[in-house]
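Student: What follows is a single structure, and I will ask about it in a moment.
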Amino acid sequence: MADQSNTPPDAANRMWGGRFAKGPSAVMEEINASIDFDRKLYAEDIRGSIAHAEMLEKQGILTTRDRDAIVEGLETIRSEIEAGSFAFSRRLEDIHMNIESRLADLIGPAAGRLHTARSRNDQVAVDFRLWVKAELERTEAGLAALVEAFLARAEEHADTVMPGFTHLQAAQPVTFGHHCMAYVEMFARDRSRVRDCIARMDESPLGAAALAGTGFPVDRHMTATALGFREPTRNSIDSVSDRDFALEYLSTASICATHLSRLAEEIVIWSTPQFGFVRLSDSFSTGSSIMPQKKNPDAAELVRAKTGRINGCLVALLTILKGLPLAYSKDMQEDKEQVFDAAESLGLAVAAMTGMVADMRVEVDAMRRAAGAGYTTATDLADWLVREANLPFREAHHVTGVAVALADDRGCDLADLPLAELRKINPAITQAVYDVLTVDASVASRSSYGGTAPSEVRRQIAAWRERL
């Protein structure tokens, strides 16, 4: 929005006080202004100011009349911003001074009393904490929806066999339900990290003032409670210089985005004609401008790309903070854009992935065909030799390797090798071995806790539903 036309050139001087005789240069104004991005904090700033005004009145620092005028003026400003009629000014630097200047226009000198016993240092710290806390709560809700989507698909496909991979090579048969439950575990850990982050940051810095606290008889517990924090922070220097909560948010976002990216990569691979394991709906695919047959998994690819962007935000903020002495430095103004950008990217990525998981079509037959390819039941043969022929596992491993080489030479599966040929490799092998060489028998046998057997997958699904 355009600058306020009635904002005088020396408006910033009046906000800073009498120390400055002249206004800032155009370059200084350009590098110093943050209103272009920190206007996002308007609701938190107004909420913090109302809590501060209520506390000042209760402590006898502010008259009831001034408190009422301040609160009414702030609510008017909230309405103006939300209606799009508020005129933001870059000359006033940030959201705090824009709101305070407008409050002065609305209620006169009483607006100047609002800043008693606080500084922009603790003001921005509380605004930013409130915003990050709310974003973490939105992230937790988004992850809950994603976990529910995976639980639904796992339940639907507890018996659907597919190849499990190591090194992107077919390793052993697993069930698609079991594969889905791997992502339930991953995204549930992300939710846990979100909750940990909220618990650690749930302290209010309001009342720490510039860095040393205040000589006014403020009640910081009152403002902390009013703003929904567990308690106030305990050290005024740390209160205004701490950005751990922002770093933790970005760290949590980066780990979560990495999980999303791994899933996106699998979806990209699975949706190729060469795999054909899943088919994405039109809602999460795009076409080609030149090749009419193409159906591209663009949503998954963009989720994969967002991870690099989110990781970059974390590295940027770590680098900004690494050399800062206590307490507040203007460098900290650069913290918000990183968090705002990462939050937008993560929110989009979680929502897109939830949609893709919920409505993609699972190609059960293609998964089953691939599950038996690449001698994925070889380990079952080795295990059978250990159980039934009493071979040491290393010897059983060697015997199985010889059998795989023979099947590969003949271009057939292990289950297609004649018993006579298998007995030439080891005479202890009997007809019973064929009972373990099918993919269904393989997955059914993996019934250890956390295994891929359909019975165990269903048990884990039930346990997760109860836990959630």
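Student: For the Cα atoms of the chain, what angle does the longest principal axis make with the long axis of helix 454-467, in degrees from 0 to 90, nearest 10?
Tutor: Roughly 20 degrees, rounded to the nearest 10.
Student: Separate question: Residue 313: accessible area at probe 1.4 Å, nearest 10 Å²?
Tutor: Taking all protein chains as shown, residue 313 has close to 10 Å².
Student: If each residue of separation counts as 0.36 nm, what is the full-extension length gain between residue 225 and residue 331 once their alpha-carbon separation is subtracted? Present the calculation step by step, with values, prior to reporting the outcome.
Tutor: Values: separation 106, 0.36 × 106 = 38.16 nm, distance 2.96 nm.
So the chain would gain 35.2 nm between residue 225 and residue 331.
Student: Right, another one. Relative to the present Cα-Cα distance, how much length would full extension add between residue 87 and residue 272 at 0.36 nm per residue of separation?
Tutor: Length difference between fully extended and current span is 61.5 nm.
Student: Suppose we look only past 23 Å in the calculated P(r) of the range 120-369. What percent of the Cα-Cα pairs does that tail hold? Kindly include the intermediate steps, with their values, before the conclusion.
Tutor: Details: 17786 of 31125 pairs.
Considering the range 120-369, 57 percent of its Cα-Cα pairs are separated by more than 23 Å.
Student: At 25 °C and a viscosity of 0.890 mPa s, what translational diffusion coefficient does Stokes-Einstein give for the range 360-439, taking Rh as the Kirkwood radius over Cα pairs? Give it in µm²/s as a whole number. Kindly include the intermediate steps, with their values, before the conclusion.
Tutor: Numbers: Rh = 13.1 Å.
Estimated diffusion coefficient is 187 µm²/s.
Student: Could you report the accessible area of residue 251 in Å², rounded to 10, computed with a 1.4 Å probe on the protein chains as they sit in the structure?
Tutor: Estimated to the nearest 10 Å², residue 251 gives 50 Å².
Student: OK, next. Hand me the tally of lysine pairs in the chain: alpha carbons under 20 angstrom apart, and the pair either on different chains or 8 or more positions apart. Walk me through the intermediate numbers first.
Tutor: Values: 40/133; 40/330; 40/336; 133/336; 306/336; 322/330; 322/336.
Taking the Cα cut-off of 20 Å, the pair count is 7.
Student: Could you tell me which of 398, 352, 307 has its Cα farthest along the dipole of the chain towards the positive end, charges placed at Cβ (Lys, Arg +1; Asp, Glu -1), taken about the Cα centre?
Tutor: Most positive-ward Cα: 398.
Student: Have a look at 73, 63, 161 and report the one farthest towards the positive end of the charge dipole of the range 58-168, computed about the Cα centre with Cβ charges (Lys/Arg +1, Asp/Glu -1).
Tutor: Going by the charge dipole, the pick is 63.
Student: Under 5 Å between amide H atoms, partner at least 5 residues away or on a different chain: which partners does residue 204 have, H built in plane at 1.01 Å?
Tutor: When sequence neighbours closer than 5 places are left aside, the close amide H contacts are 231, 233.
Student: Quick check: residue separation of residue 43 and residue 394 times 0.36 nm, minus the Cα distance between them. What number comes out in nm? Don't skip to the end; give the middle numbers.
Tutor: Details: separation 351, 0.36 × 351 = 126.36 nm, distance 6.59 nm.
Taking 0.36 nm per residue and subtracting the Cα distance, the gain is 119.8 nm.
Student: Just to verify a number: what accessible area does residue 68 come out at with the full protein assembly present, 1.4 Å probe, Å² rounded to tens?
Tutor: 70
The values are calculated or read from the model by the stated rules, or taken from the named source; none is laboratory data. This structure is a prediction, so every number in the text was calculated from the model and none was measured. Every residue, glycine as well, gets a Cβ built from its backbone with ideal geometry; the counts of neighbours run over all protein chains shown. What goes into the accessible areas is simple: the full protein's heavy atoms, side chains included, and nothing from ligands, DNA or RNA. Shrake-Rupley method; radii C 1.70, N 1.55, O 1.52, S 1.80 Å.
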